[in-house]
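> Next up is a structure, given as structure tokens.
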Amino acid sequence: MNKFPRSAYIHIPFCHRRCFYCDFAVIPLGNKVESINGYGSKTINEYLNFLFKEILSIKHKSNLSTIYIGGGTPSILNPFQIRDLIGLFRENYGIDYGAEITMEVDPASFTENDLYGFINAGVNRFSLGAQSFNNQLLQNAGRRHNEVDVLKSCSWLKKAFDSGQIKSWSLDLIQNLPLCDPDKWEEDLKKTLKFSPPHVSIYDLSIENGTVFKKLFDLGELSLPNEKEVIKNSESTNNFLKNSGYTRYEISSYCLPGQQSRHNKVYWSGSGWWGFGQGSTSSPWGIKLTRPRISKGYKEWVNTQCEKNLDPSLICKDYIYRELDEKIMLGLRVKEGVNIQSIFKEQKWTREDIEINLRKLLKEWEKFIESGHLIKKGNRFYLSDPKGMELSNQVLISMFRWWDKIS
Ligand code: SF4
């Protein structure tokens, strides 16, 4: 089966500075970014040259139905740079009529003028990295923006959505930031709901190696919410959003009817996608390729790739299926769950192997099915909401254990 990816992720690695919880591939630029009359710093222009070269180097270009410009902080780029980026895809790949074109924006580097500049450049969906409305929590997490910036950004996005100038927007929050007690979290949810964002992403804080939070954590100086508060925060998320008409269609994603992110669904469904830019991952035909995370390495990789076209993951041969454990993991993230029989069949196992392996998997999952965290309907398995989704890691760990034993 040969399928051409219909989705592209583009990584813009620049940020003003690194937030205390973040381990992404970013280049902190400080105030350099405001130089040269707002037309972007030399570093950004140089990066865009390599990025554009990489985008053009792909041999099998075909029409795209979703584009996601993420980072880093894409709103550090000016609307002309975003217009050129989208234009490059339009001219060389083609963009479907009605395609979803999303851009992440940061409340600290975003104005209403920028919003309309980005809309004119072709963006029709925005993802606002608010993280919280609470000034103390934001400052404590190393964010540059404050509540007023978030409120202003939300009101511009709401206005643009209500007047039909954008298709959708998402407000992104981090649950369980240090010092976030249930009262503060409820406040964040109430403030969020005042703007009725069509989509809300709620990420649980995770402590990553190499971050300021990890250092503080190791020193015992990070005041994370305790277990009771974590449970209360999850309950509030569930109650507030569901009572306001939102559906949890994936572990971290909630939306009003018809407002699911089409781009994110590509990752969870097992379809292929292009990834472009420093530190980004692509998986056009099943094999993943992550580009170097540092500038020098990325630029060298682009040059070699363009000259010699060495990487087999970027050349369409045969459609290569993802690893089975990854398919189950991605399937369990979404509310529809995963049809185990059909993905077992793709493994080309004998009927006997299918039965044996299924029995072994069911043994690992028995306790989760009995406790109601995991629901089995025929051959389809899905996590219950909210109980199962909150415990997703444990269900996945047991699945990986099963996979290690049989593979
Ligand atoms: S703005 Fe986003 S990408 Fe940049 S450092 Fe902060 S969390 Fe990371």
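> Provide the gained length on full extension for the span residue 63 to residue 404, in nm with one decimal, where the gain is 0.36 nm per separating residue minus the Cα-Cα distance.
Gain on extension, residue 63 to residue 404, equals 118.9 nm.
> Using Cβ counts within 10 Å as a stand-in for footprinting exposure, how do 82, 12, 397 rank, fewest first?
So the residues, fewest neighbours to most, are 397, 82, 12.
> Roughly speaking, what is the stretch gain from residue 187 to residue 269, that is 0.36 nm per residue apart minus the C-alpha to C-alpha distance, in nm to one decimal?
Difference between extended and current length: 26.1 nm.
> Residues with amide H under 5 Å of residue 131's amide H, sequence separation 5 or more or different chain, H placed in the peptide plane at 1.01 Å from N; which?
Long-range HN contacts for residue 131: 172, 173, 174.
> If you don't mind, there's one more thing I want to ask. Can you spot the aspartates and glutamates whose alpha carbon is less than 19 Å from residue 360's alpha carbon? Ignore those fewer than 8 places along the same chain.
Filter leaves 323, 325, 326, 346, 352, 370, 404.
> Taking 2.2 N^0.38 Å as the expected size of a compact globular protein, what ratio does the Cα radius of gyration of region 324-406 give against it, to two decimals?
Ratio of Cα Rg to 2.2 N^0.38 Å: 1.01.
> Still on this structure: If I build a Gaussian network model for the chain, linking alpha-carbon pairs within less than 10 angstrom, which residue out of 387, 348, 367 has the largest mean-square fluctuation?
Checking each option, the largest mean-square fluctuation is seen for 348.
> Name the long-range amide H neighbours of residue 223: under 5 Å, sequence gap of 5 or more, or other chain; modelled H, no Pro or chain starts.
179
> Right, something else. What does DSSP give for the chain in terms of the percent of beta bridges that are antiparallel, rounded to the nearest 5?
Close to 35 percent.
> Also: Can you pull the one-decimal nm distance between simple spin-label points at residue 196 and residue 217, each 7 Å off the Cα toward Cβ?
With each label point 7 Å from Cα toward Cβ, the separation is 3.8 nm.
> Across every pair of different alpha-carbon atoms, what Kirkwood hydrodynamic radius in Å does the chain reach?
Roughly 22.7 Å, rounded to one decimal.
> Among 260, 347, 139, which one moves the most in a GNM of the chain with springs linking Cα atoms closer than 10 Å?
Result for the chain, Cα springs under 10 Å: 347 fluctuates most.
> Another question, if that's okay. Under the Karplus relation 6.51 cos²θ - 1.76 cosθ + 1.60, θ = phi - 60°, what is the ordered set of whole-Hz ³J(HN,Hα) values for region 233-238, x standing for Gly and Pro?
With coefficients 6.51, -1.76 and 1.60, one gets 4, 5, 4, 5, 4, 4 Hz.
> Name the aspartates and glutamates eligible as straight-distance cross-link partners of residue 152: C-alpha to C-alpha under 19 Å, and not fewer than 8 places from it in the same chain.
Once the sequence-local aspartates and glutamates are set aside, what remains near residue 152 is 104, 106, 112, 114, 162, 172, 187, 188.
> Here is a further query. I'd like the Karplus ³J(HN,Hα) series for region 81-92: coefficients 6.51, -1.76, 1.60, θ = phi - 60°, whole numbers in Hz, and an x wherever there's a Gly or Pro.
My calculation for region 81-92 gives 5, 5, 4, 5, 5, 5, x, 4, 5, 4, 6, 9 Hz in order.
> Each label point is 7 Å from the Cα along the Cα-to-Cβ direction; what then is the distance between the points at residue 203 and residue 326, in nm?
2.0 nm
> Two-decimal Rg/Rh of region 118-244 from alpha-carbon positions, Kirkwood Rh?
Across region 118-244, the Cα-based Rg/Rh ratio is 1.01.
> Residue-wise, which Karplus ³J(HN,Hα) couplings in Hz belong to region 189-200, taking 6.51 cos²θ - 1.76 cosθ + 1.60, θ = phi - 60°, and x for glycine or proline?
Karplus values, whole Hz, x for Gly and Pro: 5, 4, 5, 4, 5, 4, 9, 6, x, x, 9, 10.
> Suppose each label sits 7 Å from its Cα in the direction of the beta carbon; what would the residue 348-residue 360 distance come out to in nanometres?
The answer from the label model is 2.0 nm.
> Taking R0 as 56 Å, what FRET efficiency do you get between residue 336 and residue 49 from their Cβ-Cβ distance, rounded to the nearest 0.05?
E between residue 336 and residue 49, to the nearest 0.05, is 0.85.
> A follow-up question, please. Under the definition of Cα pairs under 8 Å and six or more residues apart, what whole-number percent is the relative contact order of region 7-269?
Relative contact order here is 18 percent.
> I've got another one for you. Aspartates and glutamates near residue 59 by alpha-carbon distance under 13 Å, same-chain residues fewer than 8 away left out - which ones?
307, 311
> Something else: In the chain, with Lys and Arg counted as +1 and Asp and Glu as -1 at Cβ, which of these residues, 117, 354, 16, has the Cα nearest the positive end of the dipole, that is, farthest along it?
Comparing the listed Cα positions along the dipole, 354 ranks first.
Laboratory data are not the source of any read-out in this text; all were calculated from the coordinates shown. Quantities reported herein were computed from a predicted structural model and do not represent experimental measurements. Counting neighbours? That spans all protein chains shown, and the Cβs are built from the backbone with ideal geometry, glycine included.
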